[in-house]
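Quick note: the coordinates plus some simple rules give every number you see, no bench work behind them. As the structure is a computational prediction, the values presented were derived from the model and not from experiment. Every residue, glycine among them, receives a Cβ derived from its backbone with ideal geometry; neighbour counts consider all protein chains shown.
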């Protein structure tokens, strides 16, 4: 919970003592739900995740352009040369000097791109030129092929439209001068950014590497394939979380399934080299909920222990080492999504250097098309789909359901007590929203 004291279980006496703490029988929980006052408000929990990311050491590396896609700039991108670096022709046609008509000079091919500087033009001369070719000294304009008539017999070129000095010439430095800042730090490296960097003279970029995430899917009851049977259910989170995290800009180093075994979880978490460990299930206080005991045994600092949000209230965030964190997701699928976007997404955004730049994302407001019932004192996250200037709440939004979120392109942040039709609410975009969402779950 925000403001909670760090866990203080020592591990100085060795791993065996820590394992003993983890393996000790878990006392039966008191009847009824966990005390509600421990849960952090939803906005405060997200702010805590942001602060945790800001406090982590910022890493950077230099990578070839081909490897920088999807990362963020660790420093502003400054031009290493003028763009263009010489006067160039913007069109195929004729480069001319002075008023026409002009004497045609040179071979039929004229001046081509990629060749050395051509000889200067004399007043009244014209020569063929290709797009991107260097403009000769003393030239005054480029005349497009379709706007000129060449009298081959007299070797004269006539303009069929008015010629303006400088037309269709891209002057040196038109786009930028050497040293100009092209993009700020934290800008997302898109395909267009790669092209700009190459044009500006870069072979490598200094970027913030993608945060490394390792996923541990917990539960004896989970099947990796086939139909559910005999009390066993299919693992829905294992196939979903890795791709989702990659769309959030993370590097997923592994997704592993673990049984409900405290020692195995302790070994997995302490042995992980990831920047963020993500666990599923085990965050409550039941007899096989081992996440809290493992964190105590590690001496981890619990930053968020429960959030006043439905679904997903038993989520947690802990600092397990310098610059390393653990986000505990509830085991129910939609509750896990709620926790992923509440705690993991803002943390990863900071670790990836995306906050504050063009790649920054976050809630914005939109009007609800329909009324949404609320929880008496918790925030609700409800799958929605955008329709025009409104968002439509979707059905099948229970904690264990994925049918609604599979058709959604966002989550509406519904305040305690609910929201009426037409009311503006915060919306969290889903990372695939621009790809187009389904329409099968609302009417």
Original post:
Taking 0.36 nm per intervening residue step and subtracting the Cα-Cα distance, what contour gain separates residue 165 from residue 261 on full extension?
Top reply: 26.6 nm
Original post:
Using only Cα atoms, what is the ratio of the radius of gyration of the stretch 112-256 to 2.2 N^0.38 Å?
Top reply: 2.05
**OP:** With an 8 Å cut-off on Cα pairs and a minimum separation of 6 or more residues, tell me the relative contact order of the stretch 232-388 in percent.
**Re:** 20
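Test of understanding: what is the full-extension gain from residue 204 to residue 270, defined as 0.36 nm times their sequence separation minus their Cα-Cα distance?
20.3 nm is the gain from fully extending residue 204 to residue 270.
Just to verify a number: FRET efficiency for residue 387 and residue 251, C-beta to C-beta distance, R0 = 45 Å, to 0.05?
Computed FRET efficiency for residue 387 and residue 251: 0.80.
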**OP:** Provide the percentage of antiparallel DSSP beta bridges, counting only those with both residues in the chain; round to the nearest 5.
**Re:** 65
Subject >> Kirkwood Rh in Å, taken over the stretch 88-170 so that all alpha-carbon pairs contribute >> reply: 12.1
Original post:
For the modelled label position 7 Å from the Cα of residue 81 along Cα-to-Cβ, which residues of the stretch 116-147 have backbone nitrogen atoms closer than 17 Å?
Top reply: 116-118, 132-135
Subject >> Principal axis dimensions, largest first and in whole angstrom, of the stretch 282-357 by Cα >> reply: 44, 29, 17
Original post:
By average Cβ neighbour count within 10 Å, what is the ranking of 314-324, 403-413 from highest down?
Top reply: 403-413, 314-324
Subject >> Isotropic mean projected area of the C-alpha convex hull, the stretch 279-432 (nm²) >> reply: 9.8
Subject >> Radius of gyration and Dmax over the Cα atoms of the stretch 79-130, both given in Å >> reply: 12.3, 40
**OP:** Any chance you could list P(r) for the chain, counting all Cα-Cα pairs in 10 angstrom bins from zero, rounded to whole %?
**Re:** 4, 17, 21, 18, 12, 9, 9, 6, 3, 1, 0
**OP:** Compute the distance in nm between two label points, each set 7 Å from the Cα along the Cα-to-Cβ direction, one at residue 230 and one at residue 61.
**Re:** 4.5
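Would you mind getting me the FRET efficiency between residue 371 and residue 429? Use the beta-carbon distance for r and R0 = 22 Å, nearest 0.05.
Values: r = 22 Å, r/R0 = 1.01.
Calculated transfer efficiency: 0.50.
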**OP:** Quote the convex hull volume per residue of the stretch 166-239, based on C-alpha atoms, as a whole number of Å³.
**Re:** 174
Original post:
If you line up the Cα atoms of the stretch 125-208 on their principal axes, what length do they span on each, largest first, in Å?
Top reply: 63, 21, 20
Subject >> Per principal axis, descending, Cα span of the stretch 364-435 in whole Å >> reply: 34, 29, 17
